[in-house]
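Presented below is the structure to which this report refers.
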Amino acid sequence: MPAPEPAPASRLTRFQWHVLGGVLLVLCPLLLAALMLIVWPLPALARWLLLGAALLASAALLRWHLRRVTRPLSTLASLLEALREGDYTLRGVAGGALGQVIYDVNALAQRLQAERVRFEEASHLLSKTLAALDSAVFVFDGGARLSLVNPAGQQLLQGKSPDLFGRSDAELGVQDLFAQVSGSVVTRSFPGRNGRFEIRHASLRQHGRGGRLLVINDLDRVLRDEERQAWQRLLRVLGHEVNNSLAPIRSIAGTLSTLSARAPLPDDWAGDLRDGLALTRFLAGYSQLARLPPPQRRTLDLAALVQSVAQLESGATVHLDAGAALRVQADADQIEQALINLLRNAAEATPHGEVRMRCWREADRAVVEIIDHGPGPPPSANLFVPFFTTKPGGSGIGLALARQIAEAHGGGVALDARADAPGAVARLWISLGNDAPDPD
């Protein structure tokens, strides 16, 4: 069993006795010389020599004593300076006049170092947890200045942490959200997204001062995810049933495709051929919607891709403003399919007319905009619901597939009426994907 540590008072007493003993040792040569001069009658020269020797001996002992006292004090000062600067790795050698004090300071440094490691681990865990949340989290200090934001919050406000930190809730446009009852649902537009959001806020203490926590949940995105998953489950079931039920018809469509190369053809055969091929295209369309794979991100020039898609459209004149090269990390095939769907909708709304197409970078996302001169989008909230369509012969898959592709790339799709003239504006945006690894 280790011996109990001495109390602080006893440690101080030991140091005092240590200093006092050293002082007495320094005075010993002088006292001894004085005693010899009193007892023995020595000649004058001998007296001076004895006194000089005593002074030299006392000076040597004084130098030794000062080093013996000041060295542990210097060590203690260095340890305390290191602790003040946040360096908890420095250790002193126990021993000497302040040996026990040095030991205590070493133990304090070791404890502070362990506390720092636990704090850094907890901070890292908190950072990873916040990064994994789909909800936007904001922390404001007592002066209503932003001090913490997670990636979902950065995406919602379309800004990086260094640009957002230190800005007030009013500058960020969220000041009025604290006036809402916590847990309420509001319809709101943010730089990165618009729709319905659940607002939650609470008071907290930060560095001994008041602060506020704000959490914003995107309800529309959650509902869209649930809706898409429900549709995909339904489509898988329908796909199985339809494929089983219409297998003979598919076989007939394949036969018609083979016979189309033969001549002569019956007079009424062309209509049957179109119907059979249309059925095959329909089955392939919703199979693609139900089985859309995760995007295979690669570095691509979105401006060049937009130009390529514009050249594919022959139903309308496409005026292109692609601008400079715009590098993104995205699945080129999926983005191309989404743009083709949106451009085809615009061209069908403006037959033999003009369609404008442009793309640009906006903060941390890339935006593609398609503007037509048609009648504008129909007044319906179901435009992005699979199989909903207002066009004769339409499948109702194009817009739903485009939005599904965009959201898989951290973006979205919007279709609005033009404010300056008749027509519609289709806007697709995706994240630049700079944080996504470029697969080999």
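So that you can scan it fast, the table gives a plain yes or no per residue for (1) in a loop (DSSP other than H, G, I, E, B); (2) aromatic (F, W, Y); (3) modelled with pLDDT of 85 or more:
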residue: V137; (1), (2), (3): no, no, yes
residue: F178; (1), (2), (3): no, yes, yes
residue: R196; (1), (2), (3): no, no, no
residue: L214; (1), (2), (3): no, no, yes
Check: Can you tell me which residues in region 324-365 are among the aliphatic types (A, V, I, L, M), outside any loop (DSSP other than H, G, I, E, B) and over 23 Å from A424 (Cβ atoms)?
Finding: V328, A330, A332
Next item on the list: Starting from region 195-206, keep only residues that are open to solvent by less than 50 Å² (accessible area, probe 1.4 Å), then list their pairs with residues that are modelled with pLDDT under 80 whose Cβ atoms are within a distance under 7 Å, requiring at least 6 positions of separation or different chains.
Entry: G195/D220; F197/L219; E198/L219
Note to self: Which condition from (1) free of Cβ contacts under 8 Å to residues at least 24 places away in the same chain; (2) open to solvent by 60 Å² or more (accessible area, probe 1.4 Å); (3) assigned to a helix (DSSP H, G or I) is the one that A46 breaks?
What the structure shows: (2)
Next item on the list: Can you give me the number of residues within region 110-144 that are of a type in the set (D, E, K, R), open to solvent by less than 100 Å² (accessible area, probe 1.4 Å) and either within 16 Å of L214 (Cα to Cα) or in contact with a strand residue (DSSP E or B) (Cβ under 9 Å, 6 or more places away or on another chain) (or both)?
Entry: 1
Margin query: Being assigned to a loop (DSSP other than H, G, I, E, B) and of a type in the set (A, V, I, L, M) is the filter here; which residues of region 314-323 pass it?
Written below: A316, A322
Check: Residue check: is R361 farther than 17 Å from G398 by Cα and at pLDDT 85 or above?
Finding: yes
Next item on the list: Please verify whether region 346-353 includes one or more residues that are at pLDDT 85 or above and under 32 Å from the mean Cα position of the chain (by Cα).
Entry: no
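The values are calculated or read from the model by the stated rules, or taken from the named source; none is laboratory data. From a predicted model like this one, the values you see are computed outputs, not experimental measurements. Please note: Cβ atoms are built from the backbone with ideal geometry, for glycine as well, and neighbour counts cover all protein chains shown. In case anyone asks, the SASA skips ligands and DNA or RNA and just uses the protein heavy atoms, side chains included. Shrake-Rupley method; radii C 1.70, N 1.55, O 1.52, S 1.80 Å.
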